[in-house]
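See below for the structure under consideration.
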Amino acid sequence: MRLQKATSFALYAVLELAADPLRQLSGTDIADKYGISAHHLAKVLRDLGRAGLVDSARGVGGGYRFIGNAKRLTLFDVIQIFEPVASESAASHDSELETDAGHALHIVLNEIDDHAIATFRSITISTMLKLIARRPWESAAKPAKSAGKAASDR
Amino acid sequence: MTSAAAPERSSKLRIRPAVSRDLPALIALDEEVTGIAKRTYWKETFQLYGARRRVPRFFLVAESDGTIEGFIVGEVRAWEFGEPPCGWIFAVQVRPGTRLTGTGTLLFGALCDAFRRAGVQKVRTMMLRGNNLVLSFFRSQGMMAGPFIELETTLD
């Protein structure tokens with residue numbers, strides 16, 4: 001599954017700012033860290049501001065800061081600001097639903113979408129920050145230990 | 001998305017195995033949360049998971065000043081579809097008024113400790129994908145999608 005650029009940029013910005021809600025960062029700071037277009041990010045930050053998730057201060061020392069509730073705000077909440085989520089975007093063309101195969105395919109695609117929506121709805125920004133701190137991708141390459149002998153001998 | 005003041009966790013909160021005198025409070029708490037009284041189910045579950053512990057089954061409660069604030073139930077399941085033994089959680093409840101105080105986290109941690117002592121290295125669970133409250137809780141504990149896909153069919 002792929003997210004649109006604006007959505008990804010928004011998630012990067014929210015995660016970066018929510019990591020320390022007292023810190024103010026400029027759009028350029030965030031854009032530089034993630035290697036993304038500062039111009040594009042500025043538009044995204046404006047949308048996040050309109051959604052009440054970030055606040056901006058002008059002038060020296062100004063910048064953006066996170067003003068949402070990281071324990072309540074989910075990936076779904078952020079994504080839906082920028083693009084339709086799953087089922088809405090995958091609404092089949094009317095012509096596809098005129099055939100049995102089209103209906104069957106529609107059911108399977110909806111099943112995938114329902115899982116995607118449940119996943120996005122269940123992961124808060126706070127949980128994402130914990131995931132980032134754990135860095136599971138670093139241990140993913142290490143070989144897994146075998147299951148404990150005590151349990152396997154039951 | 002608005003923030004609300006979280007209730008404070010009682011310093012007297014402790015996690016311990018469920019005992020038979022907890023049953024009425026457990027049944028009442030579950031009914032308070034789910035809206036369905038399941039007396040027979042919980043009595044049978046206690047018999048299997050709380051009273052007899054010859055196999056790695058765990059029924060833990062969070063108690064504060066004599067009040068049951070939450071519970072968690074799990075067991076070690078082995079070799080289902082060839083998978084090595086793993087810890088399996090199939091029930092967790094925290095009293096609505098004391099949520100967001102870390103009670104669920106303490107229960108989850110205690111159960112994971114019990115699973116570790118039983119020699120397993122994976123913990124799994126399954127719930128309705130619409131149960132965002134519990135799904136979010138397990139996500140917050142670091143759980144992610146595992147290798148299984150849940151399937152079902154309707155019997156005619």
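With all protein chains in place and ligands, DNA and RNA left out, the 1.4 Å accessible area ranks B:Trp42, A:Trp137 as A:Trp137, B:Trp42, largest first.
Evaluate 2.2 N^0.38 Å with N set to the residue count of the stretch A:1-74, then give the Cα radius of gyration divided by it.
Relative to the rule-of-thumb radius for its length, the stretch A:1-74 sits at 1.02.
Seen from B:Gly66, the other residues with C-beta closer than 13 Å to its C-beta sum to a net charge of 0, counting Lys and Arg as +1 and Asp and Glu as -1.
For the protein assembly as shown, the Kirkwood hydrodynamic radius from C-alpha pairs, put into Stokes-Einstein at 4 °C and a viscosity of 1.567 mPa s, yields a diffusion coefficient of 58 µm² per second. Per-residue accessible area for B:Arg77 at 1.4 Å probe radius, Å² rounded to 10? Near enough 60 Å² of accessible area. All alpha carbon pair distances within the stretch A:5-136 were sorted into 10 Å bins beginning at 0; the resulting P(r) in whole percents reads 12, 36, 28, 15, 8, 1, 0. At q = 0.17, 0.19, 0.22 Å⁻¹, what is the log10 ratio I(q)/I(0) for the stretch B:14-140, with the Debye formula run over Cα points and no solvent? Each listed q maps to, in turn, -0.89, -1.12, -1.47. Comparing the chain by itself with all protein chains present, which residues of the stretch B:119-156 are at least 20 Å² less accessible (probe 1.4 Å)? Relative to the lone chain, where solvent access is computed with a 1.4 Å probe, the stretch B:119-156 loses at least 20 Å² at B:Gly119, B:Gln121, B:Arg129, B:Asn132, B:Leu135, B:Ser136, B:Arg139, B:Ser140, B:Gly142, B:Met144. What a 1.4 Å probe finds exposed on the stretch A:5-136 is 53% carbon and sulfur by accessible area, rounded to a whole percent.
Heavy atoms only, probe 1.4 angstrom, no DNA, RNA or ligands counted: give me B:Thr153, A:Thr99 ranked by accessible area, highest first. Could you put the intermediate results ahead of the total?
On the way: B:Thr153 110, A:Thr99 70 Å².
Largest to smallest exposure gives the sequence B:Thr153, A:Thr99.
Only protein heavy atoms count here; under a 1.4 Å probe, B:Phe148 has an accessible surface of about 100 Å².
Protein heavy-atom surface of chain B, 1.4 angstrom probe: 54% of the accessible area is carbon and sulfur, with nucleic acids and ligands not counted.
Think of a 1.4 Å ball rolled over the protein heavy atoms: chain B then has 60 Å² of accessible area per residue. A 1.4 Å probe, protein heavy atoms only, puts the accessible area of A:Ser126 near 30 Å².
Antiparallel DSSP bridges in the protein assembly as shown: what percent, to the nearest 5? Restricted to the protein assembly as shown, the bridges split so that about 90 percent are antiparallel.
B plus A alone minus the pair: what accessible area, both sides summed, probe 1.4 Å, in Å² to 100? It would help to have the intermediate numbers written out before the result.
Details: alone 10280 and 10390 Å², together 18680 Å².
Counting both chains, the buried surface is close to 2000 Å².
In this structure the stretch A:5-136 gives 55 Å² per residue of accessible area when probed at 1.4 Å with all protein chains present.
The values are calculated or read from the model by the stated rules, or taken from the named source; none is laboratory data. Just so we're clear, the structure is a prediction, and the values are computed from it rather than from any experiment. Here the Cβ is made from the backbone with ideal geometry for all residues, glycine too, and neighbour counts use every protein chain on show. SASA here: full protein model, heavy atoms, side chains in, ligands and nucleic acids out. Shrake-Rupley method; radii C 1.70, N 1.55, O 1.52, S 1.80 Å.
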